[in-house]
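To start, the structure under review is shown below, and the notes come after it.
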């Protein structure tokens, strides 16, 4: 097992058709707070790991890894057998891509604008 992973788990993203109800539940049950990025996305604060709630149909939570070199990590996951489900795209603060590992779990890798080497 690697002692210095090149892409540690950094974030987990939840989807909900009712972001407000999910946010209210997480706040009441767990005491989490949020940064509001509009009606369709809330950035979770105080959960011990980065996270977000995105408005949309329910799906399994999305584990998001962080890499310093996004293009190199994209090449690495392709070489390891991943199916790319969303090519690299930009969002406020960084860029990311999504993939399914050979067992079928969808995951993402992101980099901040400051870390991006691409």
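Structure notes:
- Rel. contact order, % - alpha carbon contacts under 8 angstrom, at least six apart, the range 13-57: 47 percent
- Considering only the chain, percent of DSSP beta bridges that pair antiparallel, nearest 5: 75 percent
- With all pairs of different C-alpha atoms in the average, the Kirkwood value for the hydrodynamic radius of the chain is 15.1 Å.
- Expressed in units of 2.2 N^0.38 Å, where N is the residue count, the Cα radius of gyration of the range 13-57 is 1.00.
- Over the range 67-118: Kirkwood hydrodynamic radius from C-alpha pairwise inverse distances, Å: 11.0 Å
- Summary value for the chain: 25 percent relative contact order, contacts being C-alpha pairs under 8 angstrom separated by 6+ residues.
- Within the range 13-57, DSSP assigns beta bridges of which about 65% are antiparallel (rounded to the nearest 5).
The numbers here are math on the coordinates, done by the rules we state, and not lab data. Note that the structure is predicted; figures quoted are calculated from it, not measured.
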